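Enquirer: Pasting in a structure now, in structure tokens, and then I'll have a few things to ask.
The values are calculated or read from the model by the stated rules, or taken from the named source; none is laboratory data. Just so you know, these numbers come straight off a predicted model, no measurement behind them. All Cβ positions, glycine included, derive from the backbone under ideal geometry; neighbour counts span all protein chains shown. Protein only, heavy atoms only, side chains kept; ligands, DNA and RNA dropped before computing areas. Shrake-Rupley method; radii C 1.70, N 1.55, O 1.52, S 1.80 Å.
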Amino acid sequence: MKVIMTGGGTGGHIYPAIAIAEKIKEKRPEAEILFVGTKKGLEKDLVPQNGYPIKFITVSGFNRRNILKNFKVVKDLVKGSKEAKKIIKDFQPDVVIGTGGYVCGPVVRAAHKLGIKTFIHEQNAFPGMTNKMLEKYVENVFISFADAEKYFKNKDKLILSGNPVRRSFFEAEKNDSRRILNIPEDQFVILCFGGSRGAGKINDVMINVAESLNGVKNISLYFVTGAAYYDSILKNMEDNGFKNGGNIHIKKYISNMQDYISAADLIISRSGALTVSEITVCGKASILIPSPNVTGNHQYFNAKAVADKGGATIVEEKDLSSESLLKIISHFKANPQKLKDMELASVKAAPSDATKIIYEHLGI
């Protein structure tokens, strides 16, 4: 049994692919799984870190602002399609599964033309352009939100699966995670991150939050900036007398996110579909800050799905300030029962085991 997984760019596309791969290996230990991505995306690091081989093709996204730049995009697409075809012919997969990002286009199309069964998974309520284009080439489209149905033409192909979450999130336990991370049990732990690449607006506000919480007893803040922002934020804070460590921990990126989410009492984050799924699987209270710069405002609807059940508080970016965050943090720390109620509500908003649903429809 051979499977190609393809998806790339951000963690939101890559981690679902890894979760599906984990399920396939659980059910079919003998399966050979190969990832196909690009050297520009996070997959070049994340996939090998999770123990899977990866090959790369050339592909780039369409530029809606500067049409002239799309000549290179078309050139890359032709080259990437040839590279994808060669990889597929060499590996001879039984199934190809795409989880989003531009890299999926050439790989899924090439596999379809070679007579190989293909599938795609859409994480968001508002589907990406690539997945909408690939619908006609696949056996099934797995969707995470029922709202996504209206954006696809062939309703018979759609299967509502939810978002694939890695097994480690289902297995994570708060006390164990705190022991792994060396966090005392009596700490009120706050974890803040802005997605796999970070978020500038959240980072700007969190600098002031971190400075306000610096040295405060029984509070630990883990502030994940994203690689592009890390050096400038650390220098900014150090210039103001801050030293990384103590009760404030500034991090560039976290690979074992399941441990940090599990160890936390409160999460502050964007509300990408995968992030929301991981938070709710771990049963955590959260302050969700939807990105206003995404298609169809889908992050707001991701957050609303949890907030409506009582598992999260939404703060829209236009209302975001260090004062507003500090006020909410203080409220939750002073009201542990409210926090527990939100945790229970968060668990109820968690998705079903999407990997099980997906695996059962692959026919392998």
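Enquirer: Scan segment 344-355 residue by residue and report those that are surrounded by fewer than 17 Cβ atoms within 10 Å (Cβ to Cβ), of a type outside the set (A, V, I, L, M) and over 15 Å from Asn302 (Cα atoms).
Expert: Ser352 - this is the single residue of segment 344-355 that is surrounded by fewer than 17 Cβ atoms within 10 Å (Cβ to Cβ), of a type outside the set (A, V, I, L, M) and over 15 Å from Asn302 (Cα atoms).
Enquirer: State yes or no: is Asn240 polar (S, T, N, Q) and under 19 Å from Ser286 (Cα atoms)?
Expert: no
Enquirer: Now a separate question. Scanning segment 251-275 for residues that are out of contact with any strand residue (DSSP E or B) (no Cβ under 7 Å at 6 or more places or on another chain) and hydrophobic (A, V, I, L, M, F, W, C), which turns out modelled with the highest pLDDT? If you could, list the steps in order and put the result at the bottom.
Expert: Initial filter on segment 251-275 (out of contact with any strand residue (DSSP E or B) (no Cβ under 7 Å at 6 or more places or on another chain)): 252, 255-259, 262, 270, 272-274.
From the residues that got through so far, the ones that are hydrophobic (A, V, I, L, M, F, W, C) too are 257, 273-274.
On the way: Met257: 95, Ala273: 88, Leu274: 90.
Looking at the filtered set, the residue picked out is Met257.
Enquirer: Next question. Kindly indicate which of Ile358, Ile314 is touching a strand residue (DSSP E or B) at 6+ places or on another chain (Cβ under 6 Å) and open to solvent by less than 40 Å² (accessible area, probe 1.4 Å).
Expert: Ile358
Enquirer: Enumerate the helices (runs of 4 or more DSSP H) found wholly within segment 70-175, keeping only those where 1 or more residues are among the acidic types (Asp, Glu).
Expert: Output list reads 70-91, 167-171.
Enquirer: Do you know which residues across segment 187-202 are crowded, with 22+ Cβ neighbours inside 10 Å and not in a strand (DSSP E or B)?
Expert: The answer is Gly194, Ser196, Ala199, Ile202.
Enquirer: Taking the stated definitions as given, is Arg166 of a type in the set (Lys, Arg), surrounded by 15 or more Cβ atoms within 10 Å (Cβ to Cβ) and either over 30 Å from Ala354 (Cβ atoms) or more than 22 Å from the chain's Cα centre (by Cα) (or both)?
Expert: On the way: of a type in the set (Lys, Arg): yes; surrounded by 15 or more Cβ atoms within 10 Å (Cβ to Cβ): yes; either over 30 Å from Ala354 (Cβ atoms) or more than 22 Å from the chain's Cα centre (by Cα) (or both): no.
It is false that Arg166 is of a type in the set (Lys, Arg), surrounded by 15 or more Cβ atoms within 10 Å (Cβ to Cβ) and either over 30 Å from Ala354 (Cβ atoms) or more than 22 Å from the chain's Cα centre (by Cα) (or both).
Enquirer: Does Lys55 satisfy the criteria of being at pLDDT 95 or above and in contact with a Leu (Cβ under 8 Å, 6 or more places away or on another chain)?
Expert: In short, yes.
Enquirer: Can you give me the number of residues within segment 88-115 that are at pLDDT 95 or above, open to solvent by 20 Å² or more (accessible area, probe 1.4 Å) and over 16 Å from Val141 (Cα atoms)?
Expert: So the count comes out to 8.
Enquirer: Could you tell me whether any residue of segment 17-37 is among the hydrophobic types (A, V, I, L, M, F, W, C), open to solvent by less than 10 Å² (accessible area, probe 1.4 Å), in contact (Cβ under 8 Å) with a residue 40 or more places away in the chain and within 19 Å of Gly226 (Cβ to Cβ)?
Expert: Checked segment 17-37: no residue is among the hydrophobic types (A, V, I, L, M, F, W, C), open to solvent by less than 10 Å² (accessible area, probe 1.4 Å), in contact (Cβ under 8 Å) with a residue 40 or more places away in the chain and within 19 Å of Gly226 (Cβ to Cβ).
Enquirer: Consider segment 97-143. How many of its residues are over 21 Å from Tyr15 (Cβ atoms), of a type in the set (Gly, Ala, Ser) and touching a residue at least 12 places away in the same chain (Cβ under 8 Å)?
Expert: 2
Enquirer: I'm told Asn240 meets every condition in (1) under 17 Å from Phe223 (Cβ atoms); (2) modelled with pLDDT of 95 or more; (3) surrounded by fewer than 22 Cβ atoms within 10 Å (Cβ to Cβ) except one. Can you identify the failing condition by its number?
Expert: (2)
Enquirer: For residues that are touching a strand residue (DSSP E or B) at 6+ places or on another chain (Cβ under 6 Å) and more than 16 Å from Val205 (Cα to Cα), tally how many sit in segment 230-250.
Expert: Here the count works out to 2.
Enquirer: With respect to Val216, determine if the residue is in contact (Cβ under 8 Å) with a residue 60 or more places away in the chain and either open to solvent by 10 Å² or more (accessible area, probe 1.4 Å) or farther than 15 Å from Ile289 by Cα (or both).
Expert: Considered against the rule, which asks whether it is in contact (Cβ under 8 Å) with a residue 60 or more places away in the chain and either open to solvent by 10 Å² or more (accessible area, probe 1.4 Å) or farther than 15 Å from Ile289 by Cα (or both), Val216 comes out as no.
Enquirer: What's the number of the only condition in (1) closer than 24 Å to Glu278 by Cα; (2) modelled with pLDDT of 95 or more that Val138 fails to meet?
Expert: Among (1) closer than 24 Å to Glu278 by Cα; (2) modelled with pLDDT of 95 or more, the lone unmet condition for Val138 is (1).
Enquirer: Taking the residues in segment 141-157 that are in contact with a helix residue (DSSP H, G or I) (Cβ under 7 Å, 6 or more places away or on another chain) and open to solvent by less than 30 Å² (accessible area, probe 1.4 Å) as candidates, determine which candidate is farthest from Ser352 (Cα to Cα).
Expert: Taking the candidates together, the pick is Phe152.
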